[in-house]
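S.K.: Below you'll find the structure I mean.
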Amino acid sequence: MMKKIIALVICVLLVVAVFAACSAEEAQQAADQATEAAEQAVEEATDAAEDAADAATDAATDAAEPAATGESKTIAYLAYNLADVWNEMGMDNFLYCADKAGYKVITQDAQNDAEKQVSQAEAMINQGVDMITVFPAATESAVTIVRMCNDAGIPVAVENAFMGDDAGDIVAQVACQYADIGYAAVKYAAENIPDAKMLYVHGAPGLGVYEDYSIGVEQAEKDFADKIVEVDRINGEWATEPAYTVTLDYITKNGSDGFNVIFANNDLEASGVYQALKEKGCEDIPIISTGGSEEGFQLFNDGVEACNITAPVSIQGAQLFQFCYKYLNDIPIEETKVPLAVIPIDHSNADEWMHWNDYEAALKYVNGIDGNGLGL
C-alpha cells in the first residue's frame with residue numbers, strides 16, 4: 001500500500017517537471033490537479049489500511065471467544081408427552097439452548113406410550129444421531145432405551161427420573177425430586193405459621209409421585225415436630241374439582257378450627273381448595289402449593305396462595321442440554337445426578353419467581369450451556 005503512495009508522489013514530481021517549461025499558470029494548474037489526485041490516493045490507501053486493521057481485530061476477537069457452533073451435532077429428544085406442559089416447557093428450553101449452540105435437535109413425542117418411545121429411540125439410533133435424551137414414558141421402557149443406546153455406542157442422558165445403577169451407562173440425569181418439594185412445603189409451614197396444624201390435600205396415589213411427596217413430607221414433620229403437626233390427609237386427585245369437593249366435605253364435617261394451613265400438591269388443587277375455603281368463609285387460611293406454573297403465578301398474585309414451592313422445569317431443560325454439550329465437547333461433568341432446583345416463593349421474595357418460559361433466566365441459573373457462562 002505504501003509503494004502505491006510513493007509511486008503516486010513520484011508521478012506528481014514528474015508532472016511538475018514536464019510542465020516546468022510551460023507557462024506558470026498552466027504549470028500551476030497541472031500541479032494542483034496532480035496534488036489533488038495524490039491526496040485522494042493517500043486517503044483511499046489510509047481507508048483501506050484501517051479496514052484491514054478492523055478485520056484483523058474482529059478475527060482475533062472471534063478466535064478468542066469460545067466457539068458455540070456445533071453445526072455437525074444432532075441430538076434426538078425423546079419426549080414422553082408434549083401435551084403435558086411440564087414436558088413441553090422443559091423441551092422448549094432445551095431447544096433454546098441448542099439453538100444458542102448451533103445444534104440440531106430431532107424431537108419425538110411418545111404421547112405417553114412407552115412402546116412408541118422405544119420404537120422412536122430405535123429409529124433415532126438407526127439414523128445415527130450424536131446423542132439421545134429421554135424423558136421416560138415408563139421406567140421399564142427407559143431402561144430398554146438406555147441399553148439400546150449403549151449397544152449402539154450412542155451416549156444417552158435422562159431427565160425427570162433418576163434411573164438405577166443397573167439401568168446401563170447414562171451420561172447424566174436431572175430430575176424433579178418430589179420428596180424435596182414435600183419437605184420444603186412442610187418446612188415453610190413450620191417456620192412461618194405459628195403452631196402450624198396442616199391439612200394435606202394430596203394428589204392421587206399409584207403413580208409414584210404422591211408417594212415420593214410423602215417421603216419428604218413425613219421427614220420434615222419429624223424434623224420440625226415441635227412446630228408442626230399434620231391433622232389429616234384428603235385426596236384431591238391432582239385436579240381442581242375433586243380438591244374442591246373433598247375440602248368442602250371435610251370442612252362441613254369437621255369445621256375449619258382444627259387446621260390453620262393447607263398444603264395442596266399442585267396449583268390445580270390449590271384453586272379448588274381456595275374455592276371451598278371461600279365458600280365456607282375461611283379463605284384467610286394460607287395455602288401452600290407447588291410447581292411454579294403460570295397458573296400458580298396468577299393464583300399467587302391473586303392472593304390465593306401464600307407460598308409456592310417452585311421447581312422451574314425450564315431449569316431442567318437447560319441442565320439437560322448442558323449435559324449434552326459438555327459430553328459432546330469433552331468437558332467433564334462433575335455431578336451426574338442433579339436434582340431440579342426447589343425455590344420457595346412467598347411475598348417476601350416474589351421478584352425471584354422464575355417463569356417457565358424465561359429461558360434466559362434458566363440458562364443463567366445453570367451458568368450457560370457449558371457451565372462456564374457460554375451463551376449468556
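S.K.: Could you list, in sequence order, all residues of the stretch 324-369 that are surrounded by 18 or more Cβ atoms within 10 Å (Cβ to Cβ) and on the phi > 0 side of the Ramachandran plot?
M.R.: Within the stretch 324-369, GLY368 is the sole residue that qualifies.
S.K.: Within the stretch 242-260, is even one residue hydrophobic (A, V, I, L, M, F, W, C), touching a residue at least 60 places away in the same chain (Cβ under 8 Å) and assigned to a loop (DSSP other than H, G, I, E, B)?
M.R.: So far as the stretch 242-260 goes, yes, one or more of its residues are hydrophobic (A, V, I, L, M, F, W, C), touching a residue at least 60 places away in the same chain (Cβ under 8 Å) and assigned to a loop (DSSP other than H, G, I, E, B).
Residues checked against (1) in a loop (DSSP other than H, G, I, E, B); (2) assigned by TED's automatic domain parsing to the domain that holds MET198; (3) within 20 Å of VAL171 (Cα to Cα):
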position: ASP284; (1), (2), (3): yes, yes, no
position: GLU295; (1), (2), (3): no, yes, no
position: GLY303; (1), (2), (3): yes, yes, no
position: GLN319; (1), (2), (3): no, no, yes
position: TYR327; (1), (2), (3): no, no, yes
position: PRO332; (1), (2), (3): yes, no, yes
position: PRO344; (1), (2), (3): no, no, no
position: ASP351; (1), (2), (3): no, no, no
position: HIS355; (1), (2), (3): yes, no, no
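S.K.: Right, here's the next one. Which of the residues that make up the stretch 120-179 are among the basic types (Lys, Arg) and touching a strand residue (DSSP E or B) at 6+ places or on another chain (Cβ under 9 Å)?
M.R.: none
S.K.: Right, next: Return the pairs, sorted by first residue and then second, in which the second residue is assigned to a helix (DSSP H, G or I), the first residue lies in the stretch 176-188 and is among the hydrophobic types (A, V, I, L, M, F, W, C), the beta carbons are less than 6 Å apart, and the residues are 6+ apart or on different chains.
M.R.: From the stretch 176-188, the pairs are ALA179/ASP212; ALA179/ILE215; ALA179/GLY216; VAL186/VAL217; VAL186/ALA220; VAL186/GLU221.
S.K.: If you don't mind, another one. Suppose we keep only residues that are hydrophobic (A, V, I, L, M, F, W, C), in a loop (DSSP other than H, G, I, E, B) and touching a Pro at 6+ places or on another chain (Cβ under 9 Å) within the stretch 171-213. Which one would you say is nearest to GLU237 (Cα to Cα)?
M.R.: If we take residues in the stretch 171-213 being hydrophobic (A, V, I, L, M, F, W, C), in a loop (DSSP other than H, G, I, E, B) and touching a Pro at 6+ places or on another chain (Cβ under 9 Å), then ALA204 is nearest to GLU237 (Cα to Cα).
S.K.: Next question. When the stretch 358-367 is examined, which residues are found to be touching a residue at least 12 places away in the same chain (Cβ under 8 Å), assigned to a loop (DSSP other than H, G, I, E, B) and under 27 Å from MET163 (Cα atoms)?
M.R.: Residue satisfying the conditions is VAL366 alone.
S.K.: Of the conditions (1) exposed (fewer than 15 other Cβ atoms within 10 Å of the Cβ); (2) among the acidic types (Asp, Glu); (3) at pLDDT 95 or above, GLU294 satisfies every one except a single condition; which number is it?
M.R.: All conditions pass for GLU294, except number (3).
S.K.: On to the next question. Is the stretch 195-203 home to any residue that is surrounded by fewer than 18 Cβ atoms within 10 Å (Cβ to Cβ), of a type in the set (Lys, Arg) and in contact (Cβ under 8 Å) with a residue 24 or more places away in the chain?
M.R.: Yes, the stretch 195-203 has at least one match.
S.K.: What's the number of the condition VAL273 fails, among (1) over 24 Å from LYS364 (Cα atoms); (2) outside any helix (DSSP H, G or I); (3) among the β-branched types (Val, Ile, Thr)?
M.R.: (2)
S.K.: Another one. What are the residues in the stretch 207-227 that are loosely packed, with under 14 Cβ neighbours inside 10 Å and among the polar types (S, T, N, Q), if any?
M.R.: none
S.K.: Would you mind stating whether ASP284 is surrounded by fewer than 23 Cβ atoms within 10 Å (Cβ to Cβ) and closer than 26 Å to TYR250 by Cβ?
M.R.: Here the answer is yes, as ASP284 does meet what is asked.
The values are calculated or read from the model by the stated rules, or taken from the named source; none is laboratory data. Quick caveat: nothing in here was measured; it's all calculated off a predicted structure. Cβ coordinates were reconstructed from backbone atoms using ideal geometry, including for glycine residues, and neighbour counts include every protein chain displayed.
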